[in-house]
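All remarks here apply to the structure that follows.
The values are calculated or read from the model by the stated rules, or taken from the named source; none is laboratory data. Treat the numbers as computed from the prediction; the structure is a model and nothing was measured. FYI the Cβ positions are ideal-geometry reconstructions off the backbone, even for glycines, and counts take in every protein chain you see.
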Amino acid sequence: MRILAVSLLATAVFAQHVSDEAAKEAIAKFQEAFKSPEVEAKQGAVFNLHDVPHDLVLKELEKVLKNKDPNVRHVACLAVGGQKQDAKRAGELLMRTYRKDATSENVVASCFEAMAELKYMGYWPEIKPAFKDERNVVVIRLLDLLGTTQDWRAFPDLVELYRVTMPARISWSTGTVTVDTGAAGDTDQKAAEAAFAAKYGAGGSKEKAKAKSKANAFDLRNFSPQIRACVKRITGQDFENAFDLEEWWCENYIEVAKKIAALEGKDPESVVPRAKIEQAELKARIEEERAKLDEELAKRREEEEKKAK
């Protein structure tokens, strides 16, 4: 059976609230249409409530969020995204659904999409583990949510995701190899794999097998366009690689810390003393990493020169 595909990408802007009569009429039509045995018909009936912002409609959707069919629940999440007359209550319902329906990728993804439409920000830090979710659609929708809400609270985690997502840096559980040949296509990927094999040996150990598996997983889960767009929407800057992003973060660390504090309801100036200390620590770490990389690249050049003779 074909399941109705629903998206909010081109949803029109409607009034923030409809009359009681209009809401009751819409609910009556929904209840009648929802009696259909066809999943597509049920989905359509639910999604029609998206464009009827009213507290009575939100209560009706709360019931649908408990439906036994995940294909219905995920559309109900999208419909909740239209309930802007009470964005806080709608967002709380979505968070409740997120907690109970974590195993359904469509439901989770729709929760994030609806939160983005509502501009609801009560999700942090509870949804932080979603950065490591193995389901691509979940991570992609998470990035869209963070970019839409311009959520600085997630910025440190976005920096870390940059480190494992952008093409120039590939991380494995047993170590990290960074290669940037400056070439187009998959040259960097192949060079990194060769460097990894040289560094960790050609044996058939379980550790290496696990490392290769993780490397392949990250290669298949390349969120480069989404993570780059998300960070640009938050910072206003476009970063080609993790190095450039980390350097920008280091230079603007105090301002970022103040923005995070403001979103957390703290006095921005109160975090400045600690932020200065952390800024110095970050700068030292970056310099240490660059020094190691320069050393590794120097050794590689030396080895290549020896082979050429």
Please go through segment 74-84 and give me each residue that is more than 14 Å from Arg141 (Cα to Cα) and either out of contact with any Leu (no Cβ under 8 Å at 6 or more places or on another chain) or free of Cβ contacts under 8 Å to residues at least 60 places away in the same chain (or both), ordered by number.
Ala76, Ala79, Val80, Gln83
Determine whether Leu282 is surrounded by 15 or more Cβ atoms within 10 Å (Cβ to Cβ), at pLDDT below 95, in a helix (DSSP H, G or I) and not acidic (Asp, Glu).
yes
If Gln85 satisfies all but one of (1) among the polar types (S, T, N, Q); (2) over 20 Å from the mean Cα position of the chain (by Cα); (3) farther than 20 Å from His17 by Cβ, what's the number of the condition it fails?
(3)
For segment 26-47: of the residues being surrounded by 13 or more Cβ atoms within 10 Å (Cβ to Cβ) and among the basic types (Lys, Arg), which is farthest from Asn67 (Cα to Cα)?
Lys29
Residues in segment 227-250 that are part of a helix (DSSP H, G or I) and either crowded, with 18+ Cβ neighbours inside 10 Å or not basic (Lys, Arg) (or both) total 16
Answer yes or no: is there a residue in segment 251-263 that is of a type in the set (S, T, N, Q) and part of a helix (DSSP H, G or I).
no
Can you tell me how many residues within segment 139-181 are acidic (Asp, Glu), under 18 Å from Asp238 (Cβ atoms) and modelled with pLDDT of 95 or more?
1
List the number of the failed condition for Val139; all other conditions in (1) touching a Cys at 6+ places or on another chain (Cβ under 6 Å); (2) touching a residue at least 60 places away in the same chain (Cβ under 8 Å) hold.
(1)
Residues Thr97, Thr148, Thr103: which one is among the hydroxyl-bearing types (Ser, Thr, Tyr) and surrounded by 21 or more Cβ atoms within 10 Å (Cβ to Cβ)?
Thr97
Single condition Tyr123 does not satisfy, out of (1) under 18 Å from the mean Cα position of the chain (by Cα); (2) assigned to a helix (DSSP H, G or I); (3) at pLDDT 95 or above:
(2)
Here are Ala102, Ala109: which of them is small (Gly, Ala, Ser) and outside any loop (DSSP other than H, G, I, E, B)?
Ala109
Of the conditions (1) touching a Pro at 6+ places or on another chain (Cβ under 6 Å); (2) surrounded by fewer than 17 Cβ atoms within 10 Å (Cβ to Cβ), Ala291 fails just one. Which one is it?
(1)
All positions within segment 16-62 that are in a helix (DSSP H, G or I), of a type in the set (Phe, Trp, Tyr) and over 19 Å from Ser110 (Cα atoms)
Phe30
